[in-house]
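Worksheet: the structure to be examined is printed underneath.
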Amino acid sequence: MKRLIPVVLFGAACFLAGYMVNPRGQVVAQGQATQAPAPAVRAVNGKGMYFSIDDIRKKFPPADAHGDFAPGDPGTPNHLAWAPEYRFTMMRRQYFDPPRKDATGEMEHFAGSEMHENKTQIYILVGGTGQVALGGKPATDRPSPDGQHAGGPLTGATNHRVKPGDFVVIPPYTWHQALPDPGQTLTYSMCHIETRNLIP
């Protein structure tokens, strides 16, 4: 019987730790009424996945004229599927009206530019109109230890007009920025591929 007590206590501690780490548990613990978002599905070899464009458009509606998403939007996770070497994601980049501060502190109508040393991104446009800037450099580069870079507006970039159905390929070390038209939200699926030599 004395040996059973530590086992029960250990099991209870594990349960409580799992409950606190679980996003659903955190939402309940914080007293929020919204349901925790479901995690992205890990891809399994031998099991294909299908995503209907109609379901995608329902799950990821455009922003309103102020660049805000629909009231009560629970912050649906944007990762559709993942594996250690890639992620399949839905992204929305809205035109901010009024402008907001970007990652560098500048007031902008768009999210800041970015560059990835170890990742290739492929965009497939689903909704909205605007431009995607490729190349060039920002006035300020904010690198992080994992090879991610954030910046403001790009100088010397080539701006490409984009619309639903267009594809954009962004290899490593390519600065890029989504520039939606006023009142628009660029919505695109993105295959985010790990291109480093060693995949964790």
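Restricting attention to the range 100-150, and to residues there that are assigned to a strand (DSSP E or B) and charged (D, E, K, R), which single residue is farthest from the chain's Cα centre (by Cα)?
Lys137
Among the residues of the range 165-196, write down those that are more than 16 Å from the chain's Cα centre (by Cα) and among the hydroxyl-bearing types (Ser, Thr, Tyr).
Tyr173, Thr174, Thr195
So, in the range 147-162, how many residues would count as being under 19 Å from Met91 (Cβ atoms) and loosely packed, with under 13 Cβ neighbours inside 10 Å?
Final tally of qualifying residues: 1.
Has the range 104-123 got any residue that is at pLDDT below 75 and assigned by TED's automatic domain parsing to the domain that holds Pro171? Before you say what the answer is, go through the steps one by one.
Of all residues in the range 104-123, those at pLDDT below 75 come to 104.
Those left that are additionally assigned by TED's automatic domain parsing to the domain that holds Pro171: 104.
Yes, the range 104-123 contains at least one residue that is at pLDDT below 75 and assigned by TED's automatic domain parsing to the domain that holds Pro171.
Looking at (1) modelled with pLDDT under 85; (2) more than 19 Å from Met190 (Cβ to Cβ), which is the one condition that is false for Lys58?
So the condition that Lys58 fails would be (2).
Assess whether Glu117 counts as being among the acidic types (Asp, Glu) and either under 24 Å from Leu80 (Cβ atoms) or buried (at least 16 other Cβ atoms within 10 Å of the Cβ) (or both).
Considered against the rule, which asks whether it is among the acidic types (Asp, Glu) and either under 24 Å from Leu80 (Cβ atoms) or buried (at least 16 other Cβ atoms within 10 Å of the Cβ) (or both), Glu117 comes out as no.
The values are calculated or read from the model by the stated rules, or taken from the named source; none is laboratory data. Keep in mind that this is a model prediction, so the values were computed, not measured. Quick reminder, even Gly has a Cβ in these numbers, built from the backbone with ideal geometry, and neighbours come from all protein chains shown.
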